[in-house]
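Accompanying notes for the structure given below.
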Ligand SMILES: *Cc1c(COP(=O)(O)O)cnc(C)c1O
């Protein structure tokens, strides 16, 4: 080998130089890549900044495809420096062509990005936590924490356990039992707070200032939120290195929505995908609809609400990234729509019956909004539309317990089975619930 080839930039050495620091989203002031999230000058939120020229020189479709089968194949675009990130198999979830759901709704090119089967805790939050905890270790934290609507607590507790970090999570005290147990089992400290998510979050901001812990969605938020970009990258790669025409995703704080957008724009910027207009549509529950309301009323500020919906995982009444989500929906010619709790349950059942995917209430919200947008003519049947399903139905069984029907309970005898089968075939699903053979 000659000296020239030895010093040439290796396509694999993409690690440390891409992460350039933090920048205020409002005034542009720049900061070092430390555990901080608010601009000292204007109090705007901080965002990670990269050297895209460096990424462009070192990353190709081939180097990505040769990477691990997880979010870490996109490490060059993530705010970490280590060569050994915490890789618990997060990401690269299926992108499913949803033909039966599409036919039911009158669409032609519908895809489901299925994070109901994300690893390790069956929601999209594993993406943001894998990134946040990798950065937390780099920054020297030994205790990690979060303010959660449920899924984030699951992810933080599980991945902290794997990484050997101490963990203390904060949740509202009225969460679904699957979400509570799905946190406790990893043996963190769990604080169930009498109050809604926004009150939990406020308490956590105070704790973050006094305890020196790494709060994934507070002082580590700039790093944490970047993990959601992988939902954009994966869809591009799984569509054969193309952008979709339209995406539909749930909105809680609005972060996920804005980061899918950022992920798409970055791949265009570094030349990995051809540019094209993508419409961004967002889903909220009627019982927690601050962004949908601002969209409808044509306002560019968000009025906080007090959440009251079965879609607890997306029940954030004062969404930190709400105005940015609004802006993206408007400038991409998308929509933000809301649905009620009954429609959410119908959405869960519709996705299960047509595609074999059992999602939680956030996914039910997103499917119900998809249906509403199609019926209103706001999604063109020919558009390649990707719907983001972000969580798993086994965590929110309370939501569908009373509407999923009952099994045909029978004696262990052939004639009992035959009689039950006949009844099952003649009764419609709702009547099944009353049947006792
Ligand atoms: C947290 C969460 C969201 C939305 O998160 P934001 O980034 O805060 O908008 C969506 N779906 C599920 C299942 C979640 O847990």
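Could you check, for the range 374-385, whether at least one of its residues is in contact (Cβ under 8 Å) with a residue 60 or more places away in the chain and assigned to a helix (DSSP H, G or I)?
Yes, the range 374-385 has at least one match.
Find all pairs meeting these conditions: Cβ atoms under 6 angstrom apart; at least six residues apart or on different chains; first residue within the range 247-267 and outside the structural domain of residue 25 (by TED's automatic domain parsing) and over 20 Å from residue 111 (Cα atoms); second residue within 6 Å of the ligand (Cβ to nearest atom) and part of a helix (DSSP H, G or I).
Close Cβ pairs (under 6 Å, with a partner that is within 6 Å of the ligand (Cβ to nearest atom) and part of a helix (DSSP H, G or I)) amount to 252/314.
Out of 171, 159, report the one residue that is farther than 19 Å from residue 232 by Cβ and part of a strand (DSSP E or B).
Result: 171 is the single residue among 171, 159 that is farther than 19 Å from residue 232 by Cβ and part of a strand (DSSP E or B).
Given (1) within 16 Å of the ligand (Cβ to nearest atom); (2) in a loop (DSSP other than H, G, I, E, B), where does residue 364 come up short, assuming only one miss?
(2) is the only condition that residue 364 fails.
Could you figure out which of (1) in the same structural domain as residue 359 (by TED's automatic domain parsing); (2) surrounded by 18 or more Cβ atoms within 10 Å (Cβ to Cβ); (3) farther than 24 Å from residue 372 by Cα isn't true of residue 129?
For residue 129, the exception is condition (1).
Report, by residue number, each residue of the range 40-58 that is part of a loop (DSSP other than H, G, I, E, B) and under 25 Å from the mean Cα position of the chain (by Cα). It would help to see each step written out before you state the result.
Here is the first cut: in the range 40-58, the ones part of a loop (DSSP other than H, G, I, E, B) are 40-44, 51.
Within the range 40-58, 44 is the sole residue that qualifies.
So, of the residues in the range 296-333 that are assigned to a helix (DSSP H, G or I) and more than 21 Å from the chain's Cα centre (by Cα), which turns out to be surrounded by the most Cβ atoms within 10 Å (Cβ to Cβ)? Working first, answer last.
Kept after step one, since they are assigned to a helix (DSSP H, G or I), are these residues of the range 296-333: 296, 312-314, 322-331.
Filter once more, so that each one left must be more than 21 Å from the chain's Cα centre (by Cα): 296, 331.
On the way: 296: 13, 331: 10.
Top of the filtered list is 296.
Filter the range 108-121 for residues that are surrounded by fewer than 24 Cβ atoms within 10 Å (Cβ to Cβ) and assigned to a loop (DSSP other than H, G, I, E, B) and give the result.
Passing the criteria: 108, 119, 120.
For the range 223-252, enumerate the residues that are part of a helix (DSSP H, G or I), touching a strand residue (DSSP E or B) at 6+ places or on another chain (Cβ under 6 Å) and within 13 Å of the ligand (Cβ to nearest atom).
Across the range 223-252, the qualifying residue is only 226.
I'd like the full set of residues that are part of a strand (DSSP E or B) and more than 12 Å from the ligand (Cβ to nearest atom), limited to the range 253-294. Full working, then the answer.
Initially, the range 253-294 is screened for residues part of a strand (DSSP E or B), giving 279-285, 288.
Matches in the range 253-294: 279, 280, 281.
Would you point out which residue out of 153, 208 is in contact (Cβ under 8 Å) with a residue 12 or more places away in the chain, assigned to a helix (DSSP H, G or I) and within 27 Å of residue 397 (Cα to Cα)?
Details: 208 fails: within 27 Å of residue 397 (Cα to Cα).
It is 153.
The values are calculated or read from the model by the stated rules, or taken from the named source; none is laboratory data. All of these numbers come straight from a predicted model, not from anything done at the bench. No Cβ is skipped: glycine too gets one built from the backbone with ideal geometry, and neighbour counts run over all protein chains shown.
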